[in-house]
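Since every read-out is calculated from the coordinates, none of them should be taken as a lab result. Source: prediction; values computed, not measured. Cβ coordinates were reconstructed from backbone atoms using ideal geometry, including for glycine residues, and neighbour counts include every protein chain displayed.
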């Protein structure tokens with residue numbers, strides 16, 4: 001498992017996968033099924049694994065956090081970069097940061113808070129969390145104005161964060177004054193990753209962001225990796241063609257919950273048995289909805305496997 005400090009090359013080296021957390025019937029993480037997920041991603045060229053929202057860590061407690069870290073350490077490939085998440089509220093994040101301090105993970109992501117907070121308060125909180133964890137953290141911006149642009153720059157400058165996941169949804173990703181202000185304040189996008197999957201990732205990379213996170217990469221690691229490589233080679237038209245294959249599943253995720261659809265899609269595609277989704281969420285049901293998810297996930301997986309064999313990927317409509 002990667003244990004060295006986070007640098008720019010780490011962020012650009014792989015799509016940052018955001019897998020679901022496979023659980024046993026009692027809700028505890030299962031090492032066997034989560035290892036299957038990592039092995040599938042690694043076979044598709046993905047070496048970074050960020051356990052956050054898709055793993056329902058918002059609702060994961062403090063008492064089991066050490067056991068979760070044990071699982072992540074055990075399933076990590078020798079050079080794989082495993083990123084757990086803490087929070088979202090400050091109290092839980094601080095307790096988890098103290099546990100993290102005794103481990104070799106090079107960073108953790110702080111889940112975005114949805115209850116009242118101020119930018120100045122977040123800056124102070126991030127500094128305390130980074131100090132408690134003994135390492136810089138990853139910030140996650142999901143809402144407009146969550147952190148002021150100047151405060152993002154300050155967090156980088158003070159060493160409280162080593163990277164930023166940017167995930168504010170816009171009708172036109174390139175028309176984003178907030179992201180532009182952050183880029184201007186920070187001075188570069190080399191430590192900022194697009195955080196909303198393949199749909200806006202290409203536009204974000206054209207704006208200067210270094211890479212992207214993805215949930216659907218868990219179904220199609222070869223194709224998602226191909227999108228990242230095409231963007232890094234400035235072959236944006238080719239990247240957009242590849243992205244078309246992801247849209248049917250992404251549309252279902254947008255319609256029925258990105259977290260819940262991905263959790264079922266991984267299982268229905270035969271990658272691993274994800275089991276129960278965890279507390280305060282419920283697994284999707286309904287034969288028609290699950291059939292649609294299964295069809296989209298299996299079609300996407302088939303195209304990714306074809307890409308791995310060197311075959312020309314099928315069109316999105318095929």
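Among 137, 290, rank each residue by its count of other Cβ atoms within 10 Å, from fewest to most, as a rough exposure measure.
Going from least to most buried by this count: 290, 137.
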- Query: Looking only at 221, 20, 116, which one moves most when the chain is put into a Gaussian network model with springs between Cα atoms under 10 Å?
  - Reply: 116
- Value at 222 nm in deg cm²/dmol, rounded to 500, when DSSP H runs of n ≥ 4 in the chain each add -39,500 (n - 2.57): -14000 deg cm²/dmol
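If packing is taken as the average number of other Cβ atoms within 10 Å across a peptide's residues, how do 71-77, 248-254 rank, most packed first?
On the way: 71-77: 18.1, 248-254: 20.3.
Output ranking for 71-77, 248-254: 248-254, 71-77.
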- Under the Kirkwood approximation applied to all pairs of distinct alpha-carbon atoms, what is the hydrodynamic radius of the chain in Å? 19.5
- Could you give the spread of the C-alpha atoms of region 133-242 along their three principal axes, from largest to smallest, in whole angstroms? 39, 32, 23
- Can you tell me the order of 170-181, 231-242 when each peptide is scored by its average per-residue count of other Cβ atoms within 10 angstrom, highest first? 231-242, 170-181
- Message: Mean-square fluctuation check for the chain, GNM, Cα pairs under 10 Å: which of 185, 201, 22 is largest?
- Response: 185
- Message: Taking 2.2 N^0.38 Å as the expected size of a compact globular protein, what ratio does the Cα radius of gyration of region 78-152 give against it, to two decimals?
- Response: 1.09
- In the chain the DSSP beta bridges are antiparallel at a rate, in percent to nearest 5, of 5
